[in-house]
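To keep things clear, I will list the structure first and then write my remarks on it.
The values are calculated or read from the model by the stated rules, or taken from the named source; none is laboratory data. Computed from a predicted structure; not experimentally measured. Here the Cβ positions follow ideal geometry from the backbone for every residue, glycine too, while neighbour counts run over all protein chains shown.
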Amino acid sequence: MANLKSGKIMTLAFTAALALTFGMFNCQIASAADSSEATKQISTEAPNQTSESTETKASSKDSADGAHCHIKQATYKKISCDNPHAACAESEKVIETLKLMSHLYSEGNFEEYSKYIDNDVTTFDEKNKKYIMGKAAVVENMKARWNAAHAGGTPIVKLSINHPYAQVTGDQAVVTFEAVKTIGGKAPETMSSRCTDIFVKKDGTWKKLHYRSHWKKCKTIANAS
C-alpha cells in the first residue's frame, strides 16, 4: 500500500513538473481572457457619467495586468521569503500558504498548522528512512522533531525560503525551493535543504499533500589569513 501511495505521489509530482513549462503561457492566456471580458463589460455600459467611466477604465487596467494579482504579503518574525517566482496569481496564494505554515511550525503551533495538512498527506523521513502516511502520523512526527530540538536547546531562530517556484495545475500545485535554517543554542549552525512540496486545494484552502526535504549542514568557509 505504501508503494502504491508513493507511486501515486511521484506520478503527481512528475505530471505537475511537466506543467511548469507551460505554466506562464497558460497564465498569460487566462490574463488575456480576463482583459477581453473586462473590455466587453465596458462597451455595454452607457458612458453618461464621467466618474463611472473613469472607474471602469481603472478596472480594465487592473484586469489587463493579468497574473500580477495583488496578494497581501504577510511578514513573520523568523521567516523570510527571497525572490519568489509565482507562475500565476493562484501560485502566489500557494507561496503565501507555505510561508504561513513555516511560521506556524517555527512557533510550535501545530493545532493551527494541521489545518493546512491534507488528511492523506505523506512524507519520507530521510533520517530514519521511513515513509510516513496520514495526517495524524505526519503531525506527530513534526511535533516529535520540534520538541526534541527545543528540549536539546537547538531551536530554529531563522528560516529562509529561497527562490520558491510555484506552479498550479487545476486543484494541485507543486512548489520547489531551497530552505536555509539557522539553529540557535550553545552550538549554533546553519543547515540547508532542497525541498519539493505538493499542495491540493480543498474547500478554497491550499493544503500540503506531500513534501520531501533532506537537511545538510552548510559548509563554512574559513577566512583567508
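List the pairs whose first member sits in region 154-181 and is at negative phi, whose second member is surrounded by fewer than 16 Cβ atoms within 10 Å (Cβ to Cβ) and aliphatic (A, V, I, L, M), and whose Cβ atoms are under 6 Å apart, counting only residues at least 6 apart or on separate chains?
Qualifying pairs under 6 Å: Gln167/Leu20; Lys181/Met191.
With respect to Asn147, determine if the residue is at pLDDT below 95 and closer than 26 Å to Lys77 by Cα. Step through it out loud before you land on a result.
Working: at pLDDT below 95: yes; closer than 26 Å to Lys77 by Cα: yes.
Spelling it out, Asn147 is indeed at pLDDT below 95 and closer than 26 Å to Lys77 by Cα.
Does Asp82 meet the test of being modelled with pLDDT of 50 or more and closer than 28 Å to Ile132 by Cβ?
Numbers: modelled with pLDDT of 50 or more: yes; closer than 28 Å to Ile132 by Cβ: no.
No, not satisfied.
Go through region 192-209 and give me each residue that's of a type in the set (Asp, Glu) and touching a residue at least 24 places away in the same chain (Cβ under 8 Å).
Quick first cut of region 192-209, residues of a type in the set (Asp, Glu) only: 197, 203.
The answer is Asp197, and nothing else.
Out of (1) over 14 Å from the mean Cα position of the chain (by Cα); (2) closer than 19 Å to Ile132 by Cβ; (3) at pLDDT 95 or above, the odd one out for Val200 is which?
Among (1) over 14 Å from the mean Cα position of the chain (by Cα); (2) closer than 19 Å to Ile132 by Cβ; (3) at pLDDT 95 or above, the lone unmet condition for Val200 is (1).
Can you tell me which residue among Ile95, Ile117 is buried (at least 16 other Cβ atoms within 10 Å of the Cβ), in contact (Cβ under 8 Å) with a residue 12 or more places away in the chain, touching a Lys or Arg at 6+ places or on another chain (Cβ under 7 Å) and hydrophobic (A, V, I, L, M, F, W, C)?
Values: Ile95 fails: touching a Lys or Arg at 6+ places or on another chain (Cβ under 7 Å).
Ile117 is the lone residue from the list that is buried (at least 16 other Cβ atoms within 10 Å of the Cβ), in contact (Cβ under 8 Å) with a residue 12 or more places away in the chain, touching a Lys or Arg at 6+ places or on another chain (Cβ under 7 Å) and hydrophobic (A, V, I, L, M, F, W, C).
Return the residue satisfying two criteria in turn: it lies in region 182-224 and is in a strand (DSSP E or B) and acidic (Asp, Glu), and of such residues it is surrounded by the fewest Cβ atoms within 10 Å (Cβ to Cβ). Steps first, please.
Start the filter on region 182-224 by keeping residues that are in a strand (DSSP E or B), which leaves 182-183, 189-202, 205-212, 216-217.
Within this subset, residues satisfying the condition of being acidic (Asp, Glu) are 189, 197.
Values: Glu189: 13, Asp197: 23.
So the residue we want is Glu189.
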